[in-house]
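This report refers to the structure that appears directly beneath it.
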Amino acid sequence: MEVKYVLCRLLGYDQAIAVVNNFLSSGYLLVEPINDLIDIASKYKRYRAISLPDALVLSLANRVNVPALFARREKEIISEMKKKPFNVQILFL
């Protein structure tokens, strides 16, 4: 997702999609299906007032059993932590 976004800004949408698809079809990189991450993130979004990217970070941390790392103390995360602790450890830089 991030690669597509960066390339899209640099090259335009069509060329970015072509570059990413060519890279993925090369077999050089194996992309893990993320359906379970989406399911977990959806649950976070349903019950918590947080952004979708934050929900995905928490989802990945939950899946691989590591702390979720955020660059800054975002007010939505802090507010939700005060209401009820998350089921993953959260760290801030």
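Values quoted throughout were computed directly from the atomic coordinates according to the rules given, and no laboratory measurement underlies them. Treat the numbers as computed from the prediction; the structure is a model and nothing was measured. Methodologically, a virtual Cβ is constructed for each residue, glycine included, from the backbone with ideal geometry; neighbour enumeration extends over all protein chains shown.
Numbers below:
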quantity	calculated
Odd one out for Tyr47 among (1) closer than 21 Å to Gln89 by Cβ; (2) under 14 Å from the mean Cα position of the chain (by Cα); (3) of a type outside the set (D, E, K, R)	(2)
Residues of the range 61-73 that turn out to be surrounded by 11 or more Cβ atoms within 10 Å (Cβ to Cβ) and either part of a strand (DSSP E or B) or over 15 Å from the mean Cα position of the chain (by Cα) (or both), as a count	4
Of all residues making up the range 83-93, the number that are surrounded by 12 or more Cβ atoms within 10 Å (Cβ to Cβ) and in a loop (DSSP other than H, G, I, E, B)	3
Among (1) without any contact (Cβ under 8 Å) to a residue 24 or more places away in the chain; (2) surrounded by 14 or more Cβ atoms within 10 Å (Cβ to Cβ), the one test that Glu80 misses	(1)
Checking Leu10 against (1) assigned to a loop (DSSP other than H, G, I, E, B); (2) more than 14 Å from the chain's Cα centre (by Cα); (3) among the hydrophobic types (A, V, I, L, M, F, W, C), the condition it does not meet	(1)
Residues (in contact (Cβ under 8 Å) with a residue 12 or more places away in the chain and out of contact with any Asp or Glu (no Cβ under 9 Å at 6 or more places or on another chain)) located in the range 43-64	Ala55, Leu56, Val57, Leu58, Leu60, Ala61, Asn62
Residue in the range 27-40 that is among the acidic types (Asp, Glu), under 26 Å from Leu91 (Cα atoms) and part of a helix (DSSP H, G or I) present	yes
Qualifying residue in the range 51-60 (condition: exposed (fewer than 12 other Cβ atoms within 10 Å of the Cβ) and touching a strand residue (DSSP E or B) at 6+ places or on another chain (Cβ under 6 Å))	no
Scope the range 40-93; condition more than 18 Å from Glu2 (Cβ to Cβ) and aromatic (Phe, Trp, Tyr); matching residues	Tyr44, Tyr47, Phe86, Phe92
